[in-house]
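What follows is a single structure, written as structure tokens, with notes after it.
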Amino acid sequence: MRSHSAGGHGGWKGWEVTWTLPEPMLTTPVSVPDLRPGCAAEPKWDGFRALVSVDAGRVVLRSRRGTEMGPSFSEVVAGAVQLQDATALDGELVVWDASGRLAFDWLQNRLARRGAAAARAAEEWPAHFVAFDLLRLSGTDTTSWPYRRRRAALESVFAARRLSAPWALCPSTTEADVVREWLTWASVGMEGVVFKRLNDAYRPSARDWQKYKFRETSEAIVGAITGSLVAPRTLLLGRYDTQPSVRRPHHHPRPGGRCCGRWPTRSGTGRSSVDRLVILRRVGQPGKTCRHAGGTRAGGGSRRRRRPRRLRTLATSRTLAPRPPRPLPTDVPLLTSPPH
């Protein structure tokens, strides 16, 4: 909240209190998805963290870092008429594609659009606000309430107001079996699971929530890189395959390989972890060289023919091969606004 003085008759000064959105409560990573006693769990969606406030007809849609996102997501701002006045929510902005999976690339594309371009994007890639916390209710600051009370009030808001798109209610559970089921839904766009203590208040900027992030694992061969071995920027990955060649579909199946994707290593941590995996050794005749798309080695000289040596499984948050169909977001309980 923010307070400021207001002048009155005879020099009297009073105080006018203006409520503002708090800083969002944050998470800390955990290595196991265990639902502990006294905690609830919620899915973590692949979207943009966002907070929305409605006060006397003014709508504020703000990112985690304080960026105003209203001009990019006009349908969410327009949908705020469904909310009661002096109310604020914490949640995630998401976009679903036609197959029912979350499309983060479309969401990211929309963030840079304004005006007529944003309006066209809203029609083509409509966004939803998946609400998971209640920060204010009809003028009452609810951040001091325990999570279980805030959650009950949030569900009541959705039921009483009959909220529809762009609003969706994030599921919440205290059942370990439900959490285990959610862990099989990575293919629909869930990033992981967030754990919250039932008796905890909403503490701005505090990392008191816990987040378990999904990891997909697969064995792959590094066929090429961009950048240097010390700091690779992108890996070209291939997998062992016994199917006919894509270029020669009628050829008799034989063991071989196929390109299955690439893995960008944007962060310094990712680059250093890859550097520990990519270890090459010389094979063949000494002095035999091969051409390389990246040019010559830094410092001059040619590149020798090398062969990769398998070290261990490479873990990545991206699936490297097609997976069997899994449940869609429409199967998630308590989503009051089904995705398009």
Review point. Amide H to amide H under 5 Å from residue 39: which residues, 5+ apart in sequence or cross-chain, H placed 1.01 Å off N in plane?
Key: 198
**Study point:** Zone residues, region 199-215, relative to residue 183, backbone N less than 17 Å from point 7 Å out along Cα-to-Cβ
**Key:** 210-215
Point to revise | Karplus-derived 3J(HN,Hα), 6.51/-1.76/1.60, for each residue of region 129-135, Hz, glycine and proline x | key: 9, 8, 7, 10, 8, 10, 9
Study note, to complete from the structure: Quick calc, region 159-221, dipole around Cα centre from Cβ unit charges on Lys, Arg (+) and Asp, Glu (-), nearest 20 debye, gives 400
Check your understanding: For the pair residue 119 and residue 82, how long in nm is the line joining their label points, each one 7 Å along Cα→Cβ?
Key -> 2.2
Check your understanding: Could you give me the ³J(HN,Hα) list for region 187-202, computed from phi with Karplus coefficients 6.51, -1.76, 1.60 and θ = phi - 60°, whole Hz, x at Gly and Pro?
Key -> 5, 8, x, 6, 7, x, 9, 10, 10, 9, 6, 5, 9, 7, 6, 8
Check your understanding: Amide H to amide H, which residues 5 or more places from residue 45 or on other chains are under 5 Å from it, using H placed in the peptide plane?
Key -> 191
Check your understanding: In terms of modelled amide H atoms, which long-range or inter-chain residues lie less than 5 Å from the amide H of residue 220?
Key -> 314
Exercise for review: Would you work out what percent of the accessible area of region 106-186, with all protein chains in place, is carbon or sulfur (probe 1.4 Å)?
Suggested key: 48
Review point. Once fully extended, how much extra length lies between residue 228 and residue 197, figured as 0.36 nm per residue of separation less the alpha-carbon to alpha-carbon distance?
Key: 6.7 nm
Point to revise | Rough spin-label spacing in nm, given labels placed 7 Å along Cα→Cβ, for residue 99 and residue 31 | key: 3.4
Practice item. Sorted from largest down, give the three principal axis spans of the alpha carbons of region 33-189, whole angstrom values. Key: 49, 39, 29
Practice item. Set the Förster radius R0 to 35 Å, insert the Cβ-Cβ distance between residue 176 and residue 155 as r into 1/(1 + (r/R0)^6), and round the FRET efficiency to 0.05. Key: 0.95
Practice item. Provide the convex hull volume over Cα atoms per residue for region 183-240, in Å³. Key: 161
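The values are calculated or read from the model by the stated rules, or taken from the named source; none is laboratory data. Bear in mind the structure is a predicted one, so any value in this text is a computation, not a measurement. Note: ideal-geometry Cβ built from the backbone for every residue, glycine included; neighbour counts use all protein chains shown. What goes into the accessible areas is simple: the full protein's heavy atoms, side chains included, and nothing from ligands, DNA or RNA. Shrake-Rupley method; radii C 1.70, N 1.55, O 1.52, S 1.80 Å.
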